[in-house]
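Reading through the structure tokens given below for one structure.
The values are calculated or read from the model by the stated rules, or taken from the named source; none is laboratory data. A quick note: this is a predicted structure, and the numbers were derived from the prediction, not measured. No Cβ is skipped: glycine too gets one built from the backbone with ideal geometry, and neighbour counts run over all protein chains shown.
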Amino acid sequence: MASALHLLVRLVHVLGMAVLLGGSVLTWQTLRADDRDPRPVLRRYEWLFWGALGVLIATGVGNLGALGPPGPTTRWGSVLTVKLLVVTGFVVLSGVRSLAVGRLDDDSGAIRAIARDRLRILYAATGWALGAIVALAEVLAHG
Amino acid sequence: MGDRASRDETESADRAEVESADRAEVESADPFEVWTVATFDLAAFSLVVLLSGHLSGALAGTLTGLGTVPGLAAFGYLWVLVLVAVRWVLSDGGIAEGNRSVGSLLIRGSVGGGGVGVGLVGSGVLVGGAVAVVRAPGLLATVAFVALVGTVVGAVVGAVAGAALAVCNVAVARVSERVVPKTEPDYSSSSSS
């Protein structure tokens, strides 16, 4: 029963990351396309993003509890420290990005070129940061 | 004379309607901003607690003692509390520059954080205390004392965390305004990267 529950928690954790990573690539691609207003896609992603992030943190702590967190001085513990620091930086980056998307509603007409450029960079950074977090998670799980 | 009185009444009613609409606009927080800021605060707070616990070596003992289902339920409950608190904090105006003073946001952030602390610790202690009292009615005075102290500590910790998170929210909002600034209308799209 306990192992089935932990399996479910891990499944939800992996699916949550899939939503974040897949969505960031999709929104980045949407911003690269010049022929349509990206705001509905950006806003939908941001709504999903924060929901999935909350679920990821909850299930991440669940995973940690199931595996048994190591001491901070072990190699595993050091990787965990790095992962937590990277995730904290990623959350700050995401706050900046989401609040910028939220302000786009005030603009009338098409999205401004400078906003599109900067947001495209932010979404690309989001995707790369998520890639780094997945790599750290893989090291924690198998390394 | 009658026309003038009637015109005054109409103007007064119009003014009241406009004031009421303005008040309604100010008092309703933007759901997107509430969702973003609340979950950002929850994530930042959780990560700081996790990192501190991990670096101090206290995380292992704490997580081992907390089961998966109660842990997830507590996290969900905390999420709801933070959403309600942030909705209240932002109902007085958003966090964008010029919407309101930073001082007002700090005060509301502290009060909101205190409320979350009381809600989380207070209800946790009450539920645990109720179970203890049912099993051993003689513990009532002890449970009441622990509930009181726990609620006060929760309120203080929550208020400090709320103020710190309000500062973080303002900083992130200001960086966001600089990174993606409002500019003069330019309807052209740029080339892809």
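What the table shows:
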quantity	calculated
Boolean, A:Leu122 is touching a helix residue (DSSP H, G or I) at 6+ places or on another chain (Cβ under 6 Å), touching a residue at least 24 places away in the same chain (Cβ under 8 Å) and surrounded by 21 or more Cβ atoms within 10 Å (Cβ to Cβ)	yes
Qualifying positions in region B:56-70 - more than 13 Å from A:Leu64 (Cβ to Cβ) and surrounded by 14 or more Cβ atoms within 10 Å (Cβ to Cβ)	B:Gly57, B:Gly67
Which listed residue, of B:Ala161, B:Ala147, is at pLDDT 95 or above and buried (at least 18 other Cβ atoms within 10 Å of the Cβ)	B:Ala161
Residues of region B:23-61 that turn out to be more than 9 Å from every other protein chain (Cβ to nearest Cβ) and among the hydroxyl-bearing types (Ser, Thr, Tyr), as a count	2
Residues located in region A:68-80, provided they are exposed (fewer than 15 other Cβ atoms within 10 Å of the Cβ) and at the interface with chain B (Cβ under 7 Å from one of its Cβ atoms)	A:Gly68, A:Gly71
Answer residue from region A:49-58, given it is within 8 Å of another protein chain (Cβ to nearest Cβ) and in contact (Cβ under 8 Å) with a residue 40 or more places away in the chain and is nearest to B:Leu50 (Cα to Cα) among those	A:Leu53
Members of region A:28-66 that are outside any helix (DSSP H, G or I) and either at pLDDT 90 or above or not hydrophobic (A, V, I, L, M, F, W, C) (or both)	A:Asp34, A:Asp35, A:Arg36, A:Asp37, A:Pro38
Any hit, region B:75-86, residues being within 11 Å of another protein chain (Cβ to nearest Cβ), more than 12 Å from the chain's Cα centre (by Cα), part of a loop (DSSP other than H, G, I, E, B) and closer than 24 Å to A:Leu85 by Cα	no
Checklist (1) without any contact (Cβ under 8 Å) to a residue 40 or more places away in the chain; (2) more than 9 Å from every other protein chain (Cβ to nearest Cβ) applied to A:Asp34, failing item	(2)
